[in-house]
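Novice: One structure coming up, written as structure tokens, with questions to follow.
The values are calculated or read from the model by the stated rules, or taken from the named source; none is laboratory data. Because the structure is a prediction, the values reported are computed rather than measured. Positions of Cβ are generated from backbone atoms using ideal geometry, with glycine treated the same way; all protein chains shown enter the neighbour counts.
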Amino acid sequence: MRTPLSCHRRKAATLVAAATALGVALTAVPAGAAGAGDPYFPDDGNAGYDVANYDVRIAYDPARPDLLNGDTTVTARALRSLDRLSLDLKGFQVASVTVNGVPVKSFSRSGAHKLDIEPARRVADGATFAVRVVYAGKPDPEGWHLLVSGGVNAMGEPHAATSWFPSNDHPSDKATFSLAATVPDGWTAIGNGRPGPTTSAGGSTTFRWREDKPMATYLGTVAIDRFTVHRSELPDGTPVITAYSPGVPIDETAEAQQPEILAFLASKFGPYPFSSAGAIVRSWPKEPGTGAPDLETQSRPTYTNYLWDAAVVHENTHQWFGDSVSFTDWRDGCIAECVAQYANQLWEEHKGSNLDTAFYARGVEENRNNPAYWSTKLYDPGQGNELSQALYFKGSLMMHALRRTVGDDAFFGTLQRWTADHAYGNASFPQFEALAAKVSGKDLKGFFDAWAHGTTMPSKEYLYPGTLAPLADGRHG
């Protein structure tokens, strides 16, 4: 039986002291296996195993922002025999590590975020095993954000998980996720998925959450604040849980639009993929400009300071594109961001906008003489550009041009095939290119070479396919 986390809180000083001693004694342990093979983040993840589930238990008091106590068990299947393995965890003092309940032979830290582990016994190829890590310390601010409301939330892209729990931190290794967060009475912890039992003892309350569909690590979240929580349901009974930090405006109209927006997106992309929905509307971070203002945290997107329809459309589109169907590696960002940004245009079209003129032609004309606008590739944009603004703006133009190239039936048929064929898995942008060609029956190599792989404005053939045309206002010859 696992020791309750409350016991670990009482033993925090002992754990930290033990971890410090162990860290000094074990610095000679060889590093674990190399990363998962991402060309942009070669140290992220570990290719030696496949995680099935994270069981994350944390205790946090906002009055002590420099201390998070954690107890995480990672259940995985070995993809080869493992004499050593590694997890990604930034900072913290690690007090103990066990594999299948047995203390490991050794553990050490290496690089910016590696926890290298040598089990007491080799893990056989194909075997299921569980790594339990007990740790304490100050969470890293890359993914752990103190809020002006006094609360905190964990989120970030491409990295956040390493700031608060050990993981195989690469989107190619998705897993189900359980969270138990113990906080002082009066505070609330919100996570991914559906809520579980809430229990109180000794002045603290433990909130439990469970995401039952595989999730990429950067999409995991916890938000701790004195939240106002609203609960409702979609027509099919799916719970909608929306939490507001103190001082955040509560726009009941925007909140009520969530079911309408999800129904609209489902009409374009296929059935909503998760068993819960809603929003975390956090206050501003104490350090302005840290982390993304909004993020598609799985099943319950996170927004900063307010909820409004464009943000709800964008972040919930990611529930299909990015969350249910995730990247194979960080070159594939367009398959999430290009579609999510274009979904905002679909919403405007739904409200009566003419996308050919109000969006597309005007967007092209405004950037006709701006080479920088076209200079970033949408697939494989380069290290440091994995979330380039080009994916949002040039990318949404590309999606409309693709729609006009293949027609509505093939375009939306491609999107729905994509979300069905790769549900809860991973797929690459080149796979999307191939699917679009297959569904449409068209040779799209020239189109994608010009738009996704090119660094200049596409030629007229690809810039004005189908019914698309330049603005007829005389601004160019």
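Novice: Among what's in the stretch 172-189 and is crowded, with 24+ Cβ neighbours inside 10 Å and within 23 Å of A336 (Cβ to Cβ), pick the residue that is nearest to the chain's Cα centre (by Cα).
Specialist: The selected residue is K174.
Novice: Next question, about the same structure. If you go through the stretch 403-418 one residue at a time, do you hit one that is over 21 Å from A216 (Cβ atoms), outside the structural domain of F264 (by TED's automatic domain parsing) and modelled with pLDDT under 95?
Specialist: For the stretch 403-418, residues over 21 Å from A216 (Cβ atoms), outside the structural domain of F264 (by TED's automatic domain parsing) and modelled with pLDDT under 95: absent.
Novice: Tally the residues that are in a loop (DSSP other than H, G, I, E, B), touching a Ser or Thr at 6+ places or on another chain (Cβ under 7 Å) and closer than 19 Å to D83 by Cβ, restricting the search to the stretch 121-165.
Specialist: Residues in the stretch 121-165 being in a loop (DSSP other than H, G, I, E, B), touching a Ser or Thr at 6+ places or on another chain (Cβ under 7 Å) and closer than 19 Å to D83 by Cβ: 3 in total.
Novice: State the number of residues belonging to the stretch 314-351 that are hydrophobic (A, V, I, L, M, F, W, C), over 18 Å from Q389 (Cβ atoms) and part of a helix (DSSP H, G or I).
Specialist: Going through the stretch 314-351 one residue at a time, the tally reaches 3.
Novice: Further, regarding this structure: Filter the stretch 355-401 for residues that are hydrophobic (A, V, I, L, M, F, W, C) and touching an Asp or Glu at 6+ places or on another chain (Cβ under 8 Å); which is nearest to M457 (Cα to Cα)?
Specialist: The qualifying residue nearest to M457 (Cα to Cα) is L391.
Novice: Can I ask one more? How about the stretch 58-117: which strands (runs of 3 or more DSSP E) wholly inside it have at least 1 residues that are surrounded by fewer than 21 Cβ atoms within 10 Å (Cβ to Cβ) and at pLDDT 95 or above?
Specialist: 68-78, 93-99, 106-110
Novice: Follow-up question, since we're still on this one. Run down A336, A279, A292 and say which single residue is in contact with a strand residue (DSSP E or B) (Cβ under 6 Å, 6 or more places away or on another chain) and in the same structural domain as A154 (by TED's automatic domain parsing).
Specialist: A279
Novice: Could you say which residue among D225, D212, D169 is touching a strand residue (DSSP E or B) at 6+ places or on another chain (Cβ under 7 Å), within 30 Å of G35 (Cα to Cα) and buried (at least 18 other Cβ atoms within 10 Å of the Cβ)?
Specialist: D169 is the lone residue from the list that is touching a strand residue (DSSP E or B) at 6+ places or on another chain (Cβ under 7 Å), within 30 Å of G35 (Cα to Cα) and buried (at least 18 other Cβ atoms within 10 Å of the Cβ).
Novice: Here is a follow-up. Report yes if P197 is in contact (Cβ under 8 Å) with a residue 12 or more places away in the chain and part of a loop (DSSP other than H, G, I, E, B), otherwise no.
Specialist: no
Novice: Could I ask something else about it? Take D140 and decide whether it is closer than 27 Å to K286 by Cα and among the acidic types (D, E).
Specialist: Considered against the rule, which asks whether it is closer than 27 Å to K286 by Cα and among the acidic types (D, E), D140 comes out as yes.
Novice: What number of residues within the stretch 304-334 satisfy the criterion of being among the hydroxyl-bearing types (S, T, Y) and out of contact with any His (no Cβ under 9 Å at 6 or more places or on another chain)?
Specialist: 4
Novice: Moving on to the next point. Need the failing condition index for S324 against (1) out of contact with any Pro (no Cβ under 7 Å at 6 or more places or on another chain); (2) within 29 Å of P214 (Cα to Cα), just the number.
Specialist: Among (1) out of contact with any Pro (no Cβ under 7 Å at 6 or more places or on another chain); (2) within 29 Å of P214 (Cα to Cα), S324 violates only (1).
Novice: A further question on this structure: Name the one entry in T328, T302 that is among the polar types (S, T, N, Q) and either within 24 Å of L234 (Cα to Cα) or modelled with pLDDT under 95 (or both).
Specialist: T302
Novice: If you scan the stretch 211-242, which residues turn out to be more than 23 Å from A266 (Cβ to Cβ) and in a strand (DSSP E or B)?
Specialist: V222, A223, I224, D225, T228, V229, listed by residue number.
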